[in-house]
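The values are calculated or read from the model by the stated rules, or taken from the named source; none is laboratory data. All values derive from a computational prediction rather than experimental measurement. Note: ideal-geometry Cβ built from the backbone for every residue, glycine included; neighbour counts use all protein chains shown.
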Amino acid sequence: MRFGIPSGTISDMRAGILSAIGKVFPGVPMRVCLLHFLRDLGKDLMGSMHTDLGIMINRMGIKSRIKAIFRDLPEYDMKCIRGLESGFCTDTSSMEMMCIRRVLEPIMGTGSSGYDFPFSLRHFNFYNACVYAKREIDDLRTVVKDSDSHDILEELSDLISKVAENSA
């Protein structure tokens with residue numbers, strides 16, 4: 001079964017593939033795959049910045065400690081949440097811990113979309129999550145009453161400041 005000569009071809013930018021297409025289908029228009037083009041362009045424009053940011057964050061050594069704090073936080077207290085929804089909850093300690101958990105969740109969830117660099121900038125996403133969390137933590141520190149909550153927020157503030165304020 002013959003399909004005939006294609007009206008065009010799409011490939012990545014490797015010279016061997018482009019050369020082979022030119023020999024097999026002479027005169028047929030060749031287009032570069034947009035995904036490959038954008039990936040290579042992103043690496044050229046942002047590759048060293050992304051790598052340097054990742055190295056800086058990893059040298060700070062804060063991720064494992066933040067993960068440990070997050071793991072040690074209690075899960076969301078459904079009784080307290082139901083109380084908040086009805087307008088009455090007196091368990092301030094539980095509310096404070098849930099607030100801390102909520103602030104850390106974006107940091108814990110930063111990662112890759114699956115398309116890899118440069119389509120997902122996981123180091124930059126982590127940095128942005130830290131900047132946002134730092135503001136939230138600073139706000140929480142002014143209102144918490146429980147000493148355990150205060151101690152956790154102090155430690156988190158010190159850790160996250162290293163990234164958010166780049167004070168490594």
* Asked: Restricting attention to region 134-148, does a residue exist that is of a type in the set (S, T, N, Q), part of a helix (DSSP H, G or I), free of Cβ contacts under 8 Å to residues at least 40 places away in the same chain and surrounded by 14 or more Cβ atoms within 10 Å (Cβ to Cβ)?
  -> no
* To do: State whether one or more residues within region 7-30 are over 22 Å from S120 (Cβ atoms), touching a helix residue (DSSP H, G or I) at 6+ places or on another chain (Cβ under 7 Å), modelled with pLDDT of 85 or more and of a type in the set (V, I, T).
  => yes
* **Selection count, region 51-95, where residues are under 18 Å from I107 (Cβ atoms) and either among the hydroxyl-bearing types (S, T, Y) or surrounded by 12 or more Cβ atoms within 10 Å (Cβ to Cβ) (or both)** => 15
* Sort through D40, D72, D44 and tell me the only one that's of a type in the set (D, E, K, R) and modelled with pLDDT under 85. => D40
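Can you pull out the residues in region 1-30 that are assigned to a helix (DSSP H, G or I), surrounded by 10 or more Cβ atoms within 10 Å (Cβ to Cβ) and small (G, A, S)?
S19, A20, G22
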* Residues located in region 115-133, provided they are in a loop (DSSP other than H, G, I, E, B) and of a type in the set (G, A, S) -> S120
